[in-house]
Amino acid sequence: MEFRIDRSSGLPAYLQLVRQVREALRLGWLRPGDRLPTVRDVVARSGVNANTVLKAYRELELSGLVEARQGSGTFVKSGLGSADPEVMAALRGRLAEWVAEARAAGLDSEDVDALVRSVLAEGEGVAVR
């Protein structure tokens, strides 16, 4: 797993790391028993402070998703999501096609995000204007 930190997002880096691990668990890209990158590797590749990575890993551990093993690293303890990985892959493929269509229509990432959030909100019964 390789982390990406968006310094312009306004979301603290440790929460971006947590979110990325949770998304990888939901999508089946990480499974119980998988090892997360070492703190040193994350620091070297992303440029974030070691304490930031430790904070993210600690939060994941407190939520029961990972466990730190002394001298061995941090390992995935439990998964997220209940959808069949094949179903998730098919849906992701269709979504990728939709995003490509949206980009071809001139939408940027914020436009796409706004559309997706509005559809999700409608599905939860939240009125969106």
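Sequentially through the range 21-27, phi angles give Karplus couplings (6.51, -1.76, 1.60; θ = phi - 60°) of 5, 4, 5, 4, 5, 5, 7 Hz, Gly and Pro residues having no value and appearing as x. Just the protein heavy atoms count here, and of the accessible area of the chain at 1.4 Å, carbon and sulfur take up 50 percent. A viscosity of 0.890 mPa s and a temperature of 25 °C, combined with the Kirkwood radius over C-alpha pairs in the Stokes-Einstein formula, give the chain a diffusion coefficient of 147 µm²/s. For ASP41 and GLU86, the difference between the fully extended length at 0.36 nm per residue and the C-alpha to C-alpha distance is 13.1 nm. In this view, the solvent-accessible surface of ARG26, computed with a 1.4 Å probe and all protein chains in place, comes to about 120 Å².
Rounded, prolate or oblate: which fits the range 80-126 when a ≥ b ≥ c are the square roots of the eigenvalues of the alpha-carbon gyration tensor, with rounded for a/c under 1.5 and prolate only if a/b beats b/c? Verdict is oblate for the range 80-126.
Based on protein heavy atoms only, the chain ends up with 70 Å² per residue of surface accessible to a 1.4 Å probe. Distance between the modelled labels on ASN49 and SER72, one decimal in nanometres: 3.1 nm (7 Å Cα→Cβ projection).
The values are calculated or read from the model by the stated rules, or taken from the named source; none is laboratory data. For clarity, every value in this text was computed on a predicted model and none was experimentally measured. Note that each Cβ is placed from the backbone with ideal geometry, even for glycine, and that neighbours are counted across all protein chains shown. Protein only, heavy atoms only, side chains kept; ligands, DNA and RNA dropped before computing areas. Shrake-Rupley method; radii C 1.70, N 1.55, O 1.52, S 1.80 Å.
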